[in-house]
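The values are calculated or read from the model by the stated rules, or taken from the named source; none is laboratory data. Owing to the predicted nature of the structure, the values given are computational and were not obtained by experimental measurement. Neighbour counts are summed over all protein chains in view; Cβ atoms, including those assigned to glycine, are modelled from backbone coordinates with ideal geometry. Accessible surface is based on the protein model in full, side chains and every heavy atom, while ligands, DNA and RNA are left aside. Shrake-Rupley method; radii C 1.70, N 1.55, O 1.52, S 1.80 Å.
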Amino acid sequence: MQTRNLIDGQWVDADSGATMPVFDPADDSLIAEVPKCGLEEASRSVAAAARRFDGFQSTTPGERVALLRDISRIMADRRDPLAELLTREQGKPLFESRGEVDYARSYLDGAAHELERRSLETRLDPALTGKSVLVHSAPLGVAAIITPWNFPYAMLTKKLGPAFATGCPVVAKPSEETPLSALALAEICVEAGLPSGCFSVVTGDPVPIGEAFFDSQDVRLLSFTGSTATGRKLVRSSSSRLTRLALELGGHAPFIVLEDADIDSAVEGLMISKFRNSGQTCVSPNRIMGHHSLHDPLVSRLAERMKTLVSGRGLDPATNLGPMINDAGIRKVQSHVEDALSRGARLLMGGELRHVEGLSSRFYAPTILLDATPEMLCFQEETFGPVCPIMSFEDVGEAIQIANELPYGLASYVWSSDADRAMFVASRLHTGIVGINDPSPVTSWTPFGGRKQSGWGIEGGAAALDEYAPPKTYSIVGLQDA
Ligand code: ADP
């Protein structure tokens, strides 16, 4: 297991020698110590990346396609150890970690595919003035990347894929909770032949590392995935150099079940989308709204299915519900449930910690709260836990209005067996993506990006490459061969 940082092509400790611990959230055991770096190390990484930019952008698209495919292939070869490492530091069940390795690879393969598909666009000036116009996708330069702990591989490859495809060197700061996955990925990149210095990984204090990114004119894009609160801080810090930002922030997905929905399909959809990573995902349904005509059977079938959720250590094959990542995470879940109950919600199941023999106290029982209302905290902020607050609605207009009234606009879900009705409702939801009878709408081949306070910019799909290499226009006069 690699525990040192990769800075300018060298595996190093923090300048001070300081380290920070990485714990297994399932049992609090110490997995490793990683360097606690700060401003100096991050600045050196940025400077190294800036020196490598010319060389990296001059590699051929074919070389970069091969590089992305090689990284992806090595990840596939190491699927099991990578998944185990992820489960140990993050807690999610092993089958989900294997799935994340595949999902993370799809962003590298997707970027390689898009790069292969792209060619230079050559256009004549439409005014026929004798000019020729070339439009290139030109890489911005050094990209700084800050990633969260909930999908440590995938949130990184979502950004690395398009960055490497377009020839942008990267300096990444993974979450303090899950630095080991990023270091394992860095090891693979080195093995795949990524030019030295084109990918540095700096672990440590977020604030000084962030400062180093914003202090440098060489950082041409900072791509961040994390909470809206941190996103807001980054926007403030970016103002001094107007650092370009891409932000994938928090959401609060509504899950609307119309009267003509297939109830079993909606329940299965909830089992997947709500309980993936124990509810610790930004596209997790947080406001479940069922038409009153099917509310009761929806609730009872969901409760039946939720009884099959087994909490435990992610490495145990029987587990399909892991722990919350940390104590703050479990406290947040508890406070949302307490708040809902104090405001009149009815507890159908769960609502308490789940004791798992020999493990930490970060396991929360799968919970159903009935009679949820928009005033409750769980209907306003991401709970990031295995809690299903459910409300019944009479009129779909009311459900759409509630769905849209929060300042978030990341994902939403609509369940219906009528295509026109489903599309009508989906088209009125102010989110970047809508799953229509689909609990997993986010893929590497489709664009994904939030509206309102859920973020700026696009990841996935062809548009992802434009974030790192926007169009640059050459307007040419007098060069016959151009
Ligand atoms: P969460 O609450 O889910 O942990 P955060 O937004 O706090 O989400 O964290 C996401 C990432 O942002 C992590 O890598 C974290 O270290 C980093 N981060 C948090 N605060 C800052 C900051 N002020 N500057 C730079 N990075 C930060």
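Condition (residue is at pLDDT 95 or above, more than 16 Å from the ligand (Cβ to nearest atom) and out of contact with any helix residue (DSSP H, G or I) (no Cβ under 9 Å at 6 or more places or on another chain)) applied to the stretch 141-164: is it met by at least one residue?
So far as the stretch 141-164 goes, no, none of its residues is at pLDDT 95 or above, more than 16 Å from the ligand (Cβ to nearest atom) and out of contact with any helix residue (DSSP H, G or I) (no Cβ under 9 Å at 6 or more places or on another chain).
Of all residues in the stretch 370-397 being open to solvent by 10 Å² or more (accessible area, probe 1.4 Å) and assigned to a helix (DSSP H, G or I), which is nearest to ALA253 (Cα to Cα)?
Among residues in the stretch 370-397 that are open to solvent by 10 Å² or more (accessible area, probe 1.4 Å) and assigned to a helix (DSSP H, G or I), the one nearest to ALA253 (Cα to Cα) is LEU377.
Of everything in the stretch 236-260 that's more than 20 Å from SER454 (Cα to Cα) and touching a residue at least 60 places away in the same chain (Cβ under 8 Å), which residue is nearest to the ligand (Cβ to nearest atom)?
Looking at residues that are more than 20 Å from SER454 (Cα to Cα) and touching a residue at least 60 places away in the same chain (Cβ under 8 Å), I get VAL257.
Would you confirm whether or not the stretch 366-375 contains a residue that is on the phi > 0 side of the Ramachandran plot and at pLDDT 95 or above? Let's see the steps before the verdict.
In the first step, residues of the stretch 366-375 are kept if they are on the phi > 0 side of the Ramachandran plot; the result is 371.
After this cut, where a residue has to be at pLDDT 95 or above as well, the list is 371.
Yes, the stretch 366-375 contains at least one residue that is on the phi > 0 side of the Ramachandran plot and at pLDDT 95 or above.
With respect to LEU234, determine if the residue is assigned by TED's automatic domain parsing to the domain that holds SER45 and open to solvent by less than 10 Å² (accessible area, probe 1.4 Å). Break it down stepwise before answering.
Numbers: assigned by TED's automatic domain parsing to the domain that holds SER45: yes; open to solvent by less than 10 Å² (accessible area, probe 1.4 Å): no.
No, not satisfied.
Could you tell me whether the stretch 63-83 includes any residue that is at pLDDT 95 or above and not in a helix (DSSP H, G or I)?
yes
For the stretch 398-414, which positions are assigned to a loop (DSSP other than H, G, I, E, B) and touching a helix residue (DSSP H, G or I) at 6+ places or on another chain (Cβ under 9 Å)?
Result: LEU406, PRO407.
Given the structure, is ILE188 more than 15 Å from the ligand (Cβ to nearest atom) and either out of contact with any Pro (no Cβ under 9 Å at 6 or more places or on another chain) or farther than 23 Å from GLY455 by Cα (or both)? Give the steps one after another, and end with the answer.
Working: more than 15 Å from the ligand (Cβ to nearest atom): yes; either out of contact with any Pro (no Cβ under 9 Å at 6 or more places or on another chain) or farther than 23 Å from GLY455 by Cα (or both): yes.
Yes.
Of the residues that sit in the stretch 431-459 and are farther than 28 Å from SER417 by Cα and in a loop (DSSP other than H, G, I, E, B), which one is most open to solvent (accessible area, probe 1.4 Å)?
Per the stated criteria, the residue is GLN453.
Pick from GLN334, GLN380: which is away from the ligand (no atom under 16 Å from the Cβ) and either free of Cβ contacts under 8 Å to residues at least 60 places away in the same chain or of a type in the set (A, V, I, L, M) (or both)? Steps first, please.
Values: GLN380 fails: either free of Cβ contacts under 8 Å to residues at least 60 places away in the same chain or of a type in the set (A, V, I, L, M) (or both).
Matching residue, one of GLN334, GLN380: GLN334.
So if I check each of SER216, SER265, which one is of a type in the set (S, T, N, Q) and not assigned by TED's automatic domain parsing to the domain that holds ILE71?
Working: SER216 fails: not assigned by TED's automatic domain parsing to the domain that holds ILE71.
Sole residue among the options that is of a type in the set (S, T, N, Q) and not assigned by TED's automatic domain parsing to the domain that holds ILE71: SER265.
Name the strands (runs of 3 or more DSSP E) wholly within the stretch 241-353 that hold at least 3 residues that are open to solvent by 20 Å² or more (accessible area, probe 1.4 Å)? I'd like the intermediate steps shown before the answer.
Details: elements: 245-248, 253-257, 285-291, 346-349.
Once the strands (runs of 3 or more DSSP E) in the stretch 241-353 are filtered for at least 3 residues that are open to solvent by 20 Å² or more (accessible area, probe 1.4 Å), what remains is 346-349.
How many residues are assigned to a loop (DSSP other than H, G, I, E, B), open to solvent by less than 70 Å² (accessible area, probe 1.4 Å) and either among the hydrophobic types (A, V, I, L, M, F, W, C) or out of contact with any helix residue (DSSP H, G or I) (no Cβ under 6 Å at 6 or more places or on another chain) (or both) when one looks only at the stretch 354-369?
The initial filter retains those residues of the stretch 354-369 that are assigned to a loop (DSSP other than H, G, I, E, B), namely 354-363, 365-366.
With the extra rule that they be open to solvent by less than 70 Å² (accessible area, probe 1.4 Å), the set shrinks to 356, 358-360, 362-363, 365-366.
Remaining after also requiring either among the hydrophobic types (A, V, I, L, M, F, W, C) or out of contact with any helix residue (DSSP H, G or I) (no Cβ under 6 Å at 6 or more places or on another chain) (or both): 356, 358-360, 363, 365.
Number of matching residues: 6.
Among the residues of the stretch 223-230, is any in contact with a Leu (Cβ under 7 Å, 6 or more places away or on another chain) and away from the ligand (no atom under 15 Å from the Cβ)?
No, that holds for no residue.
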